[in-house]
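Taking it in order: structure first as structure tokens, then the write-up.
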Amino acid sequence: MKNAIDKIDHSHQTRNDALIANAAILYYKEGLTQNEIAIRMGVSRPTVINYLRLARQNNIVDIRISGHAFSQSSLSRELREKYCLTDAYVAEFTADTASQSEQETKALNHHIARVGAEALFDIVQPGDLIGVSWGETIHLLAGEVPRRNIADLTVIQMIGSMKSPLISTAESCAIRIASRLGADCYTLHAPAVLSTPELAKALRAEPVIADQLNKFDSVDRTVFSVGSCDTSALIIQSSITSEADFEWYRSQGAVGVLCGRFIDRDGNHISGAMDERVIGVTLDQVKKARSGILVAGGPAKFEAIRATLKGGFVSHLVVDEVTARNLLAEKEHE
């Protein structure tokens with residue numbers, strides 16, 4: 001009896017998928033309006049609207065927006081010239097970023113992540129080894145990458161395993177991007193931060209971990225965000241570092257957290273106690289990659305974004321319009 005029910009359910013789902021696909025092709029390929037589709041298919045307009053929603057939700061339709069289109073504005077050109085970038089992708093966002101609510105901040109981050117996902121797809125090439133960092137923006141980006149295979153692509157996790165009550169684990173970002181691009185994936189089988197320097201040193205010496213860390217020298221392109229150094233930073237909320245260590249780095253001039261490392265206003269690495277316990281990519285290895293794709297925005301991250309640019313880690317920038325204008329208005333310090 002159960003097999004018969006399963007067969008009926010499967011048949012029903014197949015028919016629904018066919019109806020959804022037909023509505024999608026009429027709308028996206030033939031350019032019919034929703035009313036015209038309703039008449040053609042003999043259903044109501046709300047039903048057509050629902051079909052089109054399900055087409056996107058169930059990945060029957062995968063809408064691809066060219067990342068290159070976001071790099072055609074005068075803002076993009078000025079950012080490229082000022083910061084010696086290969087490209088800059090500007091995500092327009094109309095909210096007043098100077099007084100953002102939490103909801104607006106989340107919406108901004110998601111919009112930047114969507115643009116970053118399209119830019120990443122345009123930047124990567126067959127045969128590339130892509131290093132993926134961790135954080136809220138990268139987590140959002142991973143869910144927005146177009147589902148299209150790129151030949152001979154490999155994705156590698158650049159920071160050891162971390163967990164947060166706010167977002168999923170570090171390895172999930174790399175795995176999800178690799179899955180969407182049809183790439184091989186290498187995760188880093190170690191915690192991001194160990195309890196003691198001695199334990200971290202011993203773990204780095206393990207052949208499996210050592211081999212993974214050595215792969216960072218061969219990364220073609222890196223994709224990362226940057227965290228701020230305010231007290232709400234993810235690195236504090238996730239207990240990756242203690243408040244005492246965090247305050248020490250801030251006292252040394254830290255304005256941002258890049259791939260688990262602290263940087264000052266000029267993008268220089270601030271070496272401290274936490275570095276000896278980190279398992280992950282070094283900032284020298286990040287800088288060594290052919291392309292560094294920074295995806296970040298919002299007023300809270302302005303200093304961190306500027307520092308990352310000044311440090312020479314970035315070849316491709318994905319940023320919101322307000323932050324882009326503030327970066328262009330920024331005067332060089334004597």
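The values are calculated or read from the model by the stated rules, or taken from the named source; none is laboratory data. If you're wondering where the values come from, they're calculated on a predicted model, not measured in any experiment. Please note: Cβ atoms are built from the backbone with ideal geometry, for glycine as well, and neighbour counts cover all protein chains shown. Note: accessible area is taken over every heavy atom of the protein model, side chains too, but ligands, DNA and RNA are not part of it. Shrake-Rupley method; radii C 1.70, N 1.55, O 1.52, S 1.80 Å.
Is it the case that some residue within the stretch 21-39 is at pLDDT 75 or above, of a type outside the set (Lys, Arg) and under 30 Å from residue 294 (Cα atoms)? Walk me through how you get there before you give the answer.
Going residue by residue through the stretch 21-39, those that are at pLDDT 75 or above are 21-28, 30-39.
Right, trim to of a type outside the set (Lys, Arg) and you get 21-28, 30-39.
Imposing the further condition that a residue be under 30 Å from residue 294 (Cα atoms) reduces the set to none.
No.
With respect to residue 112, is the statement that it is open to solvent by less than 10 Å² (accessible area, probe 1.4 Å), of a type in the set (A, V, I, L, M, F, W, C) and in contact with a strand residue (DSSP E or B) (Cβ under 8 Å, 6 or more places away or on another chain) true? Walk me through how you get there before you give the answer.
Details: open to solvent by less than 10 Å² (accessible area, probe 1.4 Å): yes; of a type in the set (A, V, I, L, M, F, W, C): yes; in contact with a strand residue (DSSP E or B) (Cβ under 8 Å, 6 or more places away or on another chain): yes.
Yes.
From the residues in the stretch 78-93 that are of a type in the set (D, E, K, R), open to solvent by 60 Å² or more (accessible area, probe 1.4 Å) and touching a residue at least 60 places away in the same chain (Cβ under 8 Å), which one is farthest from residue 306 (Cα to Cα)?
Ranking the candidates gives 92 first.
Mind checking which residues of the stretch 100-144 are within 10 Å of the chain's Cα centre (by Cα), under 23 Å from residue 322 (Cα atoms) and free of Cβ contacts under 8 Å to residues at least 60 places away in the same chain?
Residues satisfying the conditions are 110, 114, 117, 139, 140, 144.
Can you tell which of 310, 287 is of a type in the set (Lys, Arg), out of contact with any Cys (no Cβ under 9 Å at 6 or more places or on another chain), under 26 Å from residue 171 (Cβ atoms) and modelled with pLDDT of 95 or more?
Selected residue: 287, the only one of 310, 287 that is of a type in the set (Lys, Arg), out of contact with any Cys (no Cβ under 9 Å at 6 or more places or on another chain), under 26 Å from residue 171 (Cβ atoms) and modelled with pLDDT of 95 or more.
Go through (1) modelled with pLDDT of 80 or more; (2) in contact with a helix residue (DSSP H, G or I) (Cβ under 6 Å, 6 or more places away or on another chain); (3) closer than 20 Å to residue 291 by Cα for residue 68 and report which single condition fails.
(1)
Give me the strands (runs of 3 or more DSSP E) completely within the stretch 128-234, filtered to those with at least 3 residues that are at pLDDT below 95, under 25 Å from residue 248 (Cβ atoms) and open to solvent by 50 Å² or more (accessible area, probe 1.4 Å), ordered by residue number.
Output list is empty.
Could you check the stretch 301-319 and list, in sequence order, the residues that are in contact with a Lys or Arg (Cβ under 8 Å, 6 or more places away or on another chain) and under 15 Å from residue 254 (Cα atoms)?
303, 306, 307, 310, 311
Could you tell me whether the stretch 240-247 includes any residue that is modelled with pLDDT of 85 or more and either under 18 Å from residue 135 (Cβ atoms) or touching a helix residue (DSSP H, G or I) at 6+ places or on another chain (Cβ under 8 Å) (or both)?
yes
Within the stretch 91-116, which residues are β-branched (Val, Ile, Thr) and modelled with pLDDT of 90 or more?
Initial filter on the stretch 91-116 (β-branched (Val, Ile, Thr)): 94, 97, 105, 112, 115.
Answer for the stretch 91-116, where residues must be β-branched (Val, Ile, Thr) and modelled with pLDDT of 90 or more: 112, 115.
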